[in-house]
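See structure below.
Nothing in this text is a laboratory measurement; each read-out follows from the coordinates by a stated rule. Quick caveat: nothing in here was measured; it's all calculated off a predicted structure. Cβ atoms come from the backbone with ideal geometry, glycine included; neighbour counts cover every protein chain shown.
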Ligand SMILES: [Zn+2]
């Protein structure tokens with residue numbers, strides 16, 4: 001069975017493809033790219049961009065343990081709607097993904113969904129930051145990376161040992177950079193806006209200190225170190241300096257950090273409470289510059305769904321996080337491409353080939369022989385975000401009601417086509 005996707009604008013940065021032509025998927029793999037190809041089933045893609053399926057390396061699927069917020073099945077449906085074909089789950093589940101049996105459970109639940117579900121393993125037991133988790137056993141069970149997301153390891157000696165151990169398996173370590181003493185009890189970025197609002201706030205230094213420590217430990221251990229959700233100018237600068245010295249560090253940011261600022265909190269909207277917090281215009285510009293010059297390798301979402309009872313409360317008590325899977329492509333196009341800041345191929349690379357490379361997985365390209373994972377989208381269509389239409393259980397985003405550009409029309413996973 002040859003599925004022929006006809007007359008799409010194929011953008012595959014990994015194979016330097018950027019032209020209007022046909023692509024054929026056969027037996028779940030990319031068989032051919034070229035002009036006037038033939039197929040058994042023809043899918044017209046005129047006017048649409050065809051890109052590799054997006055790889056989102058920062059997703060909270062909430063299962064096991066918090067199925068009221070999200071399940072692996074609903075996260076997968078949200079991913080499909082967002083053009084995301086591979087998702088990497090974070091280990092702050094309940095119980096934590098800190099051992100082989102939880103890892104096996106997550107992967108087996110993931111295998112029942114239409115997308116590629118991968119998982120990290122926790123850096124420490126119960127994410128408690130006291131004792132190293134069973135990284136070797138989790139490696140055998142199939143983790144793609146180790147992470148301390150949501151529970152940043154404060155003890156530098158322990159982090160050093162986790163990184164030395166992680167390196168033995170040639171796994172990347174994905175690090176949430178936060179000095180917890182500086183952020184205790186805070187809800188937003190420290191500055192004029194927080195003073196005006198009278199909200200407890202943390203300085204950017206809380207992130208920068210941890211980024212710099214983790215870079216120093218990366219240099220010490222040689223572990224493949226990936227800095228998660230970079231939100232401020234100082235972190236971008238630290239990563240830029242580390243890379244210039246040849247330290248094997250990579251970094252990601254999320255659409256909210258190059259699209260939104262702390263001003264979102266002026267209405268005391270709990271949906272704008274994220275960790276790290278939304279920063280200033282200056283930080284947004286620095287994060288964008290970091291994406292443009294290669295300092296920041298990847299755009300991931302930090303998709304963090306919550307139930308209404310966790311979010312629709314006074315801002316001090318609201319949970320941190322924003323959903324992202326169903327808006328990441330459009331928000332990125334709106335902020336980075338429509339404004340002329342970068343080209344569509346540059347953006348797509350940041351969401352496909354780049355995360356695949358950081359993780360060391362065979363995804364993120366449409367070269368012949370690659371998995372038939374694609375997103376087909378209209379790069380110019382405007383649409384209004386309506387959280388009631390989200391497939392994710394999490395409706396927590398400040399984007400509800402806002403207009404974005406770029407609409408997913410089809411998501412293809414292993415040759416299976418899902419239309420939107
Ligand atoms: Zn995090």
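Against the main long axis of the alpha-carbon atoms of the chain, helix 233-244 sits at an angle near 70°. Please check which bits of the range 161-204 a label hung off residue 268 would reach, taking the label as a point 7 Å along Cα-to-C-beta and the cut-off as backbone N under 18 Å. Zone members listed by number: 186-189, 193-201. Among 62, 402, a tally of other beta-carbon atoms within 10 Å of each Cβ gives an order, fewest to most, of 402, 62. Across all directions, the shadow cast by the convex hull of the chain built on its C-alpha atoms averages 18.1 square nanometres. Reducing the range 267-294 and the range 376-409 to their Cα centroids gives an inter-centroid distance of 20 Å.
With Cα atoms defining each centre, the range 113-171 and the range 21-47 are spaced 40 Å apart in the structure.
The packing ranking of peptides 55-61, 392-398, highest mean first, is 55-61, 392-398, where packing means the average number of other beta carbon atoms within 10 angstrom of each residue. Relative to the longest principal axis of the Cα atoms of the chain, the long axis of helix 205-221 makes an angle of roughly 70 degrees. Considering only beta bridges that DSSP places wholly inside the chain, some 50 percent are antiparallel. Determine the shape class of the range 109-202: with a ≥ b ≥ c the square roots of the Cα gyration tensor eigenvalues, call it rounded for a/c under 1.5, and otherwise prolate if a/b is greater than b/c, oblate otherwise. Oblate is the answer for the range 109-202, as a/c is 1.5 or above yet b/c matches or exceeds a/b. Our helix-only sum for the chain, with -39,500 (n - 2.57) per DSSP H run of n ≥ 4 divided by its residues, gives a mean residue ellipticity at 222 nm of -8000 deg cm²/dmol.
Compared with the direct C-alpha span, the chain from residue 35 to residue 281 gains 84.1 nm at full extension, assuming 0.36 nm per residue.
Model label sites at residue 416 and residue 196, defined 7 Å from Cα along the beta-carbon direction, differ in position by 4.9 nm.
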